Amino acid sequence: MKKIALVIPYFGTLPGYFPLWLMSCRYNPEMDFLIFTDDRRPFDWPENVKTVYMTWEEMQGRIRGAFDFPAAISKPYKLCDYRPAYGEIFAGELAGYDFWGHCDLDVIWGALSDFVTEELLDRYDKLFGRGHFSLYRNCPLINGLYRTEVDGKPLYREIFQDEKSRLFDEWTGIDRIFQIRGIPIYDSPVVADIQSASYHFMVNSDREDQERPQVFFWRETEGRGRIFRYYRDHGEIVRQEFMYIHLQKRDMTAADEIDGDFLIVPNEFISGRGLAPYLDDPETEDEVAAAMIRTYYRRRLVNWQQVRKNMARRLRKAGRLWKKDGRK
């Protein structure tokens, strides 16, 4: 398979379920994950996860040094806008790779190579159009494509000098540039992109998903890690496999003892040790899946955890505005 590296700069404390993310990386040895971070805590690092320790100030200097204008990069979240330029910014680390990409840490990987096939890599220069996972062919044309003029102006210069997040790594930015240049992007609804506003899981790409009681299960099988969704549809239990699950803006808790198969339910990871044989057996699969759904599905449309976070963020913003205006 072609050599692929994912670039992940992350500054501050790594997420609470980072060990589960690492475990899911371990089962995708055909890809390398390059993490640039200032979190030096010890973890069980798989061989395909390469760590580069640096300070946030060093990363800021690296970003700014890549451009001949004052690049805005005061906060780590702004890194998302620079993702389409990673092929140039991290050219040294990416030498020798056929494809590079970027991803988030609020995901759990399934069997990536089952979905990112050699055929697709031969045919497309960019795969997937989401900030949480995209791949680019590692060549001068594609690495520099972000510099393409949009509406007669170099859009990237405007965005890179704006401290606000502009979603340049998604539809309105780099994907629009690919469209302008007539370069097709491969995309497919193979990702369980979970809606953040709802407490119970709903997959954003599935229009019929709002009413579906469901749970997810990560398991190791034949040396691969896989993500399955079990859901009830008109009284029948359905199993569906995904490339990965994206848990955006959702605080998930995980028991420390998880070191193998696990359930992914609203706001929690739960050990699923011992369940796999029953889910492999046609005589017991539906019964066990139904029991999982019955136990962990809750018909709550509002994710109050996320609502509280949004309200707190708005109050902090309002406080800053009042302070800026000199009000007491």
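Please treat every number below as a calculation from the coordinates, not as lab data. Not measured: the values here are computed from a predicted model. We place every Cβ from the backbone using ideal geometry, glycine too, and count neighbours over all the protein chains shown.
Largest mean-square fluctuation among R308, R298, R176, in a Gaussian network model of the chain whose springs join Cα atoms under 10 Å apart, belongs to R308. Rounded to the nearest 10 degrees, the angle from helix 56-65 to the longest Cα principal axis of the chain is 50 degrees.
In the elastic network of the chain, a GNM with C-alpha springs shorter than 10 Å, the most mobile of L135, L279, L79 is L279.
Taking only alpha carbon atoms, the range 4-180 gives an Rg to Rh ratio of 0.95, where Rh is the Kirkwood radius. So which of K78/K126; K2/K249; K78/K153; K3/K153; K2/K75 end up more than 27 Å apart by C-alpha? Pairs exceeding the cut-off: K2/K249; K3/K153; K2/K75. Once the Cα atoms are used to define both axes, helix 304-324 deviates from the longest principal axis of the chain by about 20 degrees. Fewest neighbouring Cβ atoms within 10 Å first, the residues F43, F242, F228 line up as F43, F228, F242. With N as its number of residues, the chain has a Cα radius of gyration that, divided by 2.2 N^0.38 Å, comes to 1.05. Comparing R83, R229, R40 in a Gaussian network model of the chain, where Cα atoms under 10 Å apart are tied by springs, the biggest mean-square fluctuation is seen for R40.
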